[in-house]
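Peer 1: Sharing a structure with you now.
Just so you know, all these numbers are worked out from the coordinates, no wet-lab data involved. These numbers were taken from a predicted model, which means no experiment stands behind them. Note that we place each Cβ from the backbone using ideal geometry, even for glycine, and neighbour counts take in every protein chain shown.
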Amino acid sequence: MNKKIILLLIVLILSVESVSALQQTVGDLKANITIGDSKLLQYKVYNEDNVSVSVSFSIEGIVSNYTSFTEKIVLEPNQYKIVNLTVSIPQEYDGKKYINGTIYALKEGLSGGQVQLNIRLGKRIKVNVEGLTDASVINEVSERTFTNELIDVTSTDKPGYNKYIIVIGVLLIIVYAVIKYRNKKPKLKWGKINE
């Protein structure tokens, strides 16, 4: 019984290291951009793993129509890299004053086993478009007043957040195993006495 518990704990502790291999810096990417201009935003990612990893990037949301970026990079062990995003607002832009989206970094897990663990981080991109006519800004404000917006409450901007949840889970399993082991009474084996 003790060997099974020790083996389970070793497996859980080893899994903590693989869950938190890809990290990012805290905070949203924000920019004020005048119509006809562009701005460079920097998305910083970090590889905590002991091996090189390939990371692919994608952007979702309206801001993706105005953003160019590198789609794939290789991170060496314990290396920070900056991914440059260029957000360009064309001269003929007549859209909303605020355009948003999310950039995602994806590190695919090793395949070939029973479970493939992919790590996907996300960071919000918020752009304030300056230089719009007053009529388009007034229309957008009235739209925002009467619509409900979804609020993203994910914890992707907190590096190592998953690691702490797993560590707490491992500690709870250890406490449970210790309590169960202490409360277990030895079983007596009865047999015939040879004369």
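Peer 1: Can you tell me which of 168-180, 80-92 comes out highest on packing, and rank the rest after it, using the mean Cβ neighbours within 10 Å?
Peer 2: 80-92, 168-180
Peer 1: Give me the one-decimal nm value for the distance between modelled label points at Tyr80 and Ile5, 7 Å along each residue's Cα-to-Cβ direction.
Peer 2: Those two pseudo-labels are separated by 4.3 nm.
Peer 1: If you stretched the chain out fully between Glu130 and Ser52, how much longer would it get, using 0.36 nm times the residue separation minus the C-alpha to C-alpha distance? Walk me through the numbers before you get to the answer.
Peer 2: Details: separation 78, 0.36 × 78 = 28.08 nm, distance 4.10 nm.
Full-extension gain reported as 24.0 nm.
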